[in-house]
Every structure is written in C-alpha cells, then in structure tokens.
Amino acid sequence: MRIGVVGTGYVGLVTGACFADLGNRVICADIDRRKIEMLKRGETPIFEPGLEEKVRINARVGRLSFTDDVGEAVKKSKVMFVAVGTPPGPDGEADLSQVRAVAETVGRAMNGYRLVVNKSTVPVGTGDIVSQIIAQTSGGTYPHDVVSNPEFLREGSAIHDFMQPDRIVIGCSNPAAGEMVAELYAPLNAPIIVTDLLSAEMIKYTSNAFLALKISFINEVANICERVGADVRDVVEGVTKDNRINPAFFGAGVGYGGSCFPKDTLALVGIAAKAGYDFQILKAVIDVNEAQRSRFVAKITERLGDLGGKTVAVWGLSFKPNTDDIRESPSLDIIGKLLAAGAAVTAYDPVALEAARGALPDVDYASDPYAAAEGADALAVVTDWNEFKEANFEELAKAMRRRLIFDGRNIYDPAKVEAAGFEYVGVGRRAGRAAP
C-alpha cells in the first residue's frame with residue numbers, strides 16, 4: 001500500500017516508520033523543513049528508543065521517504081494518516097487548526113479516491129468535520145472516506161506499542177474503508193475493534209482519562225497514608241492482588257504530565273460541557289494532579305525552611321523516562337515553584353537537558369547526576385529513569401551538603417536510603433528518621 005503520513009512527531013514518525021517496516025511505501029510529510037532535512041539525513045528530531053534505526057533502515061531500502069510538501073504526499077498516496085498536534089486552546093478544548101489545514105490540503109491535492117485516517121486525538125465529531133472540509137475544498141470531484149484510528153503509543157516504548165498493540169480501534173461509516181485500514185494492521189495479529197466514528201473518537205479520550213484517574217486516585221490514597229502512618233506501596237500491593245484491579249498506572253508520585261493526559265482530560269471535560277454534562281470526577285482528577293506538585297514542594301519547604309540561599313538538586317526533567325519530551329512535565333512546575341521560593345536549582349536528565357534549557361533558563365544544568373547534587377541541601381527525584389534507581393548513595397553523600405532525599409516517584413527502599421545515612425521523604429511512604 002502507498003501510505004502518506006502528515007506530521008513527524010512521536011505519533012506520525014513512529015506510524016510511518018513502522019508501516020514502512022511492514023513492507024508499505026510510506027511518505028512522511030511535515031511543513032517544518034528543519035525536521036524534514038534532519039530525517040533525510042537519517043536523523044530523528046525526537047528521542048524514542050529504536051526509532052532512528054528503523055527510520056534509517058527503511059529510508060535506505062526506499063520504503064520510507066520525506067517531504068515538506070503535504071500536497072505531494074497526498075498525490076502519491078492512497079491512504080493518508082493525519083498525525084498532527086491538537087494542543088489545548090485557552091479554554092482547554094483541543095485546537096483543531098492543524099487538522100483542518102491538512103483536510104483542506106487533502107481536498108485540494110487529491111487526484112483520485114483517498115482514504116483519510118485520523119490518528120490525531122480529536123474531539124468527538126471531528127471525523128465528520130474533516131470529511132466536510134475535504135468535500136468542500138475538492139468540489140466533490142473525487143470520492144473519499146474518513147476513518148478514526150486512535151493511537152495508544154506510550155513515549156519511550158512507542159515502537160513496541162505499535163508493533164505489539166493491545167488492540168486496534170477503527171471507527172468508520174463505510175465498512176469497506178474500515179476493512180482497508182484493518183488490512184494494513186493484519187500483519188500484527190492484534191484484536192481489531194471496528195465501530196462508528198464517534199465511538200472510536202470517544203474511546204481514545206476515555207482511555208487516557210481513566211488512566212489519569214488511576215494516577216490521581218492513588219495519589220489521594222498516598223496523601224492519606226502519610227497522615228495515618230500507612231505505606232502506599234504496601235497498600236498498592238495488597239489491592240492489586242485482586243484480579244479485578246490492574247496495577248498499571250497505580251504508582252503514587254508527583255502526578256502525570258506529557259503531551260496526552262493533561263490535554264486529553266481537559267478536552268474531555270470540554271466535550272462533556274458542550275454536551276451539557278458536568279464531568280465532576282474528571283475535574284477532580286485534574287485538580288488533584290496539579291495539587292500533587294505543590295504538595296511535593298511543600299514537603300521540601302517544610303524540611304528546609306526558607307528556601308532562600310538553599311540549593312535543590314533535581315534528577316529528571318522529562319515527564320517520564322526514555323523520552324526527551326518535557327511537555328507538561330511535573331519537573332517544570334516543581335522547579336518553577338522552587339525558583340519562585342528563592343531556591344537555587346541544579347538539574348540533570350539523561351536526554352532532556354537541551355529541551356529544558358529553553359523552558360528553564362535560570363537553572364544550572366549538570367552533566368551527570370552526582371555533579372547536580374554537589375553542595376545541594378536536598379535531592380528531588382522527579383523522573384524515574386533507571387539510571388537513578390541504582391544510585392550510589394556513598395558518592396551521593398560525599399557530594400551533598402545535607403543528606404536529604406525527596407523521592408517523587410517512590411523508586412527507593414526507605415530502609416536502604418536511611419541505612420546510608422539519608423533522611424528519606426517519599427509519597428505516601430512511612431516517615432523516616434531525622435537526617436544527620
């Protein structure tokens with residue numbers, strides 16, 4: 001199949017590279033010429049494990065190409081995947097300007113039947129809007145179909161998630177169009193759910209909203225654990241032995257971030273409001289997530305007192321491990337609050353340093369985690385990179401001014417940290433003894 005993909009971000013580039021890997025001819029288009037030039041050189045504009053190698057291999061054998069001319073991609077492809085951004089607008093609703101622009105380009109450039117597949121996360125009813133725009137701009141000269149095919153890719157494991165998906169969701173009004181998309185995914189041998197356009201669009205938001213709910217729920221439980229002296233890790237272990245309760249996304253910490261959960265929860269609240277419904281639970285999920293970051297900073301202030309003249313080392317800038325994405329990262333919010341309170345911040349992240357420099361210019365950046373901790377009054381672990389899980393506490397103790405660790409992801413055993421001479425403060429963990 002000849003496939004076009006518009007958008008070379010996490011979703012678009014992974015989709016294009018993986019479909020090429022399955023034997024299709026894929027042309028990825030993006031109006032950002034810098035990205036396209038990088039890709040033509042075999043470089044990827046984002047960090048995603050395994051992606052650069054997959055791009056290079058498929059480009060070398062001629063199955064994957066790149067262009068900054070979206071119209072060219074439309075002309076050369078029978079199936080067009082739309083994977084552009086839908087960031088939240090001022091009111092929290094998804095901004096569909098990029099999706100609309102692609103639909104207009106498809107309508108103007110198509111020279112025959114086109115199947116347009118929405119992979120962007122879009123509000124319910126967007127598929128019909130896209131179809132109307134294509135019909136208007138093309139003048140109805142050529143037929144087309146619009147299918148919703150929401151993505152469920154996790155940054156840091158996107159290649160695995162594409163090639164070994166839990167399920168494929170296809171929303172369509174024309175069964176033949178849905179079957180054409182299903183054939184593209186047939187080599188993956190994954191369960192395929194075929195439904196209508198509106199339900200498929202709703203599935204994506206519901207999935208992300210429920211996962212965000214799990215995170216905020218367990219963070220609320222963790223906050224209670226701190227007050228009553230329980231340990232949230234033990235609570236989670238006991239609860240998730242119930243086979244009705246999946247342990248995924250049930251780790252207490254500083255809350256969720258990234259490009260999906262924050263904007264998708266806000267968008268679903270907006271979708272509900274437009275339909276005349278007050279989505280109270282999801283509003284609470286958002287409020288709890290925002291408050292969790294403030295609670296973490298409050299713990300630091302409680303232990304250190306006035307933060308003026310104090311130095312806090314921060315490990316982790318990306319919103320999760322195995323990505324350089326800092327969008328809505330808890331670190332940015334936490335560091336911003338620390339700086340506003342007068343603290344000096346020295347930060348380290350394995351891959352997100354460059355991305356963070358522009359967002360946080362007042363931070364000192366270190367080349368390794370122990371350099372970041374040099375002379376620090378406290379260490380805040382905000383992203384659970386594997387590199388941090390096996391910290392050398394002896395070396396850390398030599399570097400820090402005060403042996404005080406705030407574990408925002410509960411990656412350490414409090415007993416082990418305390419045995420190394422540190423005061424340990426986790427999220428929902430039992431209180432540790434005073435630091436030396």
- Taking every DSSP bridge whose two residues both lie in the chain, the antiparallel percent to the nearest 5 is 5 percent
- Query: If the cut-off is 20 Å between C-alpha atoms, which lysines fall inside it for LYS263, apart from same-chain ones fewer than 8 positions away?
  - Reply: LYS119, LYS204, LYS214, LYS274, LYS283, LYS320
- Query: What percent does the relative contact order of the range 2-195 come to when contacts are Cα pairs within less than 8 Å and at least six residues apart?
  - Reply: 20 percent
- Note on the structure: The lysines whose Cα lies under 19 Å from the Cα of LYS310, excluding any fewer than 8 residues away in the same chain, are LYS299, LYS337, LYS398
- Fluctuation leader among GLN292, GLN98, GLN136 - the chain, Gaussian network, Cα springs under 10 angstrom: GLN136
- Task: Loop only per DSSP, at most 13 neighbouring Cβ atoms within 10 Å: give me the trypsin sites (Lys or Arg not before Pro) in the range 182-273, ordered by residue number.
- Result: LYS241, ARG244
- Item | Stokes-Einstein translational diffusion, the chain - Kirkwood Rh over all Cα pairs, 1.002 mPa s, 20 °C, in µm²/s | 92 µm²/s
- Task: Round to a whole angstrom and tell me the spacing of the C-alpha centers of the range 351-368 and the range 96-123.
- Result: 36 Å
- Once both labels are modelled 7 Å past Cα along the beta-carbon direction, what's the GLU354-ASP95 spacing in nm? 2.4 nm
- Query: Could you state the principal axis extents of the C-alpha atoms in the range 231-436, from the largest down, to the nearest angstrom?
  - Reply: 58, 42, 32
- Task: Would you mind calculating the relative contact order of the range 22-118 from Cα pairs under 8 angstrom and at least 6 residues apart, reporting the percent as a whole number?
- Result: 28 percent
- Message: Would any residue of the range 266-282 have its amide N under 20 Å from a label point 7 Å out along Cα→Cβ of GLN132? List them or say none.
- Response: 270-276
- Message: At a threshold of 8 angstrom on Cα-Cα distance, excluding pairs fewer than six apart, so keeping six or more, what relative contact order does the chain reach in percent?
- Response: 12 percent
- Task: On a 0 to 90° scale, report how tilted helix 97-109 is relative to the longest principal axis of the chain, with both axes built from alpha carbons and the result rounded to the nearest 10.
- Result: 20 degrees
- Message: Calculate the FRET efficiency for ARG244 and ASP166 from the Cβ-Cβ distance with a Förster distance of 22 Å, rounded to the nearest 0.05.
- Response: 0.80
- Task: Using R₀ = 60 Å, calculate the FRET efficiency as 1/(1 + (r/R₀)^6) where r is the Cβ-Cβ separation of LYS75 and ARG295; round to 0.05.
- Result: 0.65
- Note on the structure: With R₀ set to 41 angstrom, the calculated FRET efficiency between the beta-carbons of ILE193 and LYS398, to the nearest 0.05, is 0.15
- GNM flexibility winner over the chain from GLU387, GLU328, GLU423 (Cα, springs under 10 Å): GLU387
- What are the aspartates and glutamates whose alpha-carbon lies under 20 Å from the alpha-carbon of LYS40, with same-chain residues fewer than 8 places away excluded? ASP21, ASP30, ASP32, GLU48, GLU52, GLU53, ASP68, ASP69, GLU72
- Could you tell me whether the range 140-180 comes out rounded, prolate or oblate from its Cα gyration tensor? Rule is a ≥ b ≥ c as square roots of the eigenvalues, rounded for a/c under 1.5, then prolate if a/b exceeds b/c, otherwise oblate. prolate
- Task: Could you tell me what fraction of 2.2 N^0.38 Å the Cα radius of gyration of the range 2-195 comes to, as a two-decimal ratio?
- Result: 0.95
- Env charge @ ALA356, Cβ radius under 10 Å, K,R +1 / D,E -1, value -2
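Here, each number is a calculation from the coordinates, and none is a lab measurement. Not measured: the values here are computed from a predicted model. In this analysis, Cβ positions are derived from the backbone assuming ideal geometry, glycine residues included, and neighbour counts consider all displayed protein chains.
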